[in-house]
Amino acid sequence: MFKLALPVVLSLLFSLFYSIKLNNNQKFSTIISIAKVINIVCLLIGTVWWWVTEPDGLGQVIQIIIYAICFGFILLTNITAILVAKKRGKTK
């Protein structure tokens with residue numbers, strides 16, 4: 001279970017960190033694009049790792065479905081964090 005969750009957690013942390021770090025300097029679409037790339041790279045590395053270490057074909061398919069769902073949730077989390085940070089930045 002650890003090897004399934006580690007790429008998801010790393011993807012979430014890295015993308016949130018860079019999204020918030022770039023929030024003041026970049027446009028919304030640029031920040032989301034960078035967050036998407038970070039998510040895709042982290043989850044692709046996790047997919048390759050899972051495919052190499054997991055011999056069961058059904059487990060591999062389920063892992064892809066889980067990562068696709070996590071990609072969507074991480075993207076929504078990034079969008080929410082960016083919007084909140086931009087709103088706070090405008091009110092100060």
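The values are calculated or read from the model by the stated rules, or taken from the named source; none is laboratory data. The shown structure was predicted, so the numbers you read here are calculated from the model rather than taken from an experiment. Because the Cβ atoms are built from the backbone with ideal geometry, glycine has one as well, and the counts that use them run over all protein chains shown. Note: areas computed on protein heavy atoms with side chains; ligands, DNA, RNA excluded. Shrake-Rupley method; radii C 1.70, N 1.55, O 1.52, S 1.80 Å.
Below 14 angstrom from the Cβ of Y67, what's the summed charge of the other residues (Lys, Arg +1; Asp, Glu -1)?
The answer is +1.
For the stretch 42-92, what % of the accessible area comes from carbon and sulfur atoms, probe 1.4 Å?
76
How large is ³J(HN,Hα), in whole Hz, for each residue of the stretch 5-12 in order, when computed from phi with the Karplus curve 6.51 cos²θ - 1.76 cosθ + 1.60 and θ = phi - 60°, using x for Gly and Pro?
For the stretch 5-12, the Karplus-derived couplings read 7, 4, x, 5, 5, 5, 4, 4 Hz, x marking Gly and Pro.
Determine the distance separating the Cα centre of the stretch 21-92 from the Cα centre of the stretch 1-15; give it in Å without decimals.
Going from one Cα centre to the other spans 10 Å.
With a/c under 1.5 counting as rounded, go ahead and sort the chain into rounded, prolate or oblate using the C-alpha gyration tensor (a ≥ b ≥ c being the square roots of the eigenvalues; past the cut-off, prolate if a/b is larger than b/c, else oblate).
The shape class here is prolate.
Percent relative contact order of the chain, based on C-alpha pairs within less than 8 angstrom and at least six residues apart?
Normalised by residue count, the contact order of the chain is 41 percent.
Could you work out how far helix 28-53 tilts from the main Cα principal axis of the chain, as a 0 to 90 degree angle to the nearest 10?
For helix 28-53, the angle is close to 20 degrees.
Nearest 10 degrees is fine. How inclined is helix 57-91 to the longest principal axis of the chain, computing both from alpha carbons?
So the inclination is approximately 10 degrees.
Given charges of +1 on the Cβ of Lys and Arg and -1 on the Cβ of Asp and Glu, with all other atoms neutral, how large is the dipole of the chain about its Cα centre, in debye to the nearest 20?
Rounded to the nearest 20 debye, it is 840 debye.
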